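Accompanying notes for the structure given below.
Laboratory data are not the source of any read-out in this text; all were calculated from the coordinates shown. What you see is a predicted model; the values in this text were computed from it and never measured. Positions of Cβ are backbone-derived with ideal geometry, glycine not excepted, and every protein chain shown enters the neighbour counts.
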Amino acid sequence: MSENFIAGFTPPPDDGGPSWWFVYCEDKFLVTSDDPPRLPLVRQVAELGLTLEAARYLGLWQGRPTYTISLALATPAPQGYEWHGLYGLAMGWPESLTALGGRAKQVLAWERRNRFCGVCAAPMKDDPKERARRCPRCGLVAYPRVSPAVIVAVQREGKVLLGRSPRFATGRMSVLAGFVEPGETLEQTVAREIDEEVGVRVKDIRYFASQPWPFPDSLMVGFTCKWAGGEIVVDGEEIVEAGWYGPGELPSIPPRSTIARQLIDHVIAGSENLDPGGGWR
Ligand SMILES: [Zn+2]
């Protein structure tokens, strides 16, 4: 994450100053009505007049303690505040703050899904020393879940392979992506996904960069590769339309804050042979 954020598990002693609060309810965060919206910065979140569950400490953001907390019941936003989803907030927030919001969302989702042991059904308890939930009866340990997925820019003669998922907004195209299956290397996932979705073979698979993608709990691992054979045949389910796009031919593509866009820009800029992946390490 960024130099602005220092991850932590145990809150620092109270110095009387305010804290940042990621207050979460029904997949939205409470933010100020400013443009761009800001996180609440208050000493106690109770000052906002909200009824809350236990807070989780995330670390220090811009030198102040940062907590996340979920509302038990849907509640109107207090005066001067609004509820917004993280995807929309990402448009106006720095990448590091969006990543921190993603961390908050994933920690709360993990807590919600691990109230009871998945093996023996006993109530789980927080581990006092690390971000883990433990079963006092059978010893099962549950950590926050992260689901790795690959996202891939396939390059062919200066063009990039873009496809459209039926889930995308009308007209939107992007590089292809898919979840890692048990037992696979990331490179195997890249080759399998591209073959399954568009029937194309690839070579020269190279790591590019990664981006947490908390919708709900992915880590996007970006790769570039080159076309090695096969013409596009879409699978009709995951991908309903696909093609090769060069500079000046690009359709509607994802915003600059996304790794998808960074991959597309990278291939289109033709910088791959100059310094592969170098800017992202
Ligand atoms: Zn158990």
Residue 256 and residue 141 label points (each 7 Å along its Cα→Cβ direction) are spaced in nm at 4.3 nm
The chain, Gaussian network, Cα under 10 Å: of 165, 96, 252, the residue fluctuating most is 252
Here, residue 73 and residue 126, labelled 7 Å along Cα→Cβ, have an inter-label distance in nm of 2.4 nm
Restricting things to alpha carbons, tell me how big the chain is in terms of Rg and Dmax, in Å. 21.3, 64
Relative to the chain, whose Cα atoms define the longest principal axis, helix 259-269 and its Cα axis are tilted in degrees, nearest 10, by 30 degrees
At most 11 other Cβ within 10 Å, DSSP loop - trypsin sites (Lys or Arg not before Pro), region 142-228: 167
So, relative contact order of region 1-99 in percent, Cα under 8 Å, 6 or more apart, is 36 percent
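Over the chain, what is the relative contact order in percent, taking alpha-carbon pairs closer than 8 angstrom and at least six residues apart? Walk me through the intermediate numbers first.
Values: 529 pairs, mean separation 41.8, N = 281.
It comes to 15 percent, rounded to a whole number.
When N is the residue count of region 25-168, what does its C-alpha Rg come to as a fraction of 2.2 N^0.38 Å? List each step's numbers first, then the result.
On the way: Rg = 18.9 Å, N = 144, 2.2 N^0.38 = 14.5 Å.
This ratio for region 25-168 stands at 1.30.
Express the relative contact order of region 147-274 as a whole percentage, based on alpha carbon pairs under 8 Å and six or more residues apart in sequence.
Working: 266 pairs, mean separation 44.7, N = 128.
Across region 147-274, relative contact order equals 35 percent.
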What whole number of Å gives the distance from the Cα centroid of region 46-87 to the Cα centroid of region 101-157? 21 Å
Region 1-96 shape via C-alpha gyration tensor axes, a/c threshold 1.5: oblate
Tally Lys and Arg at +1 and Asp and Glu at -1 over the other residues with C-beta under 10 Å from the C-beta of residue 58: what net charge comes out? +3
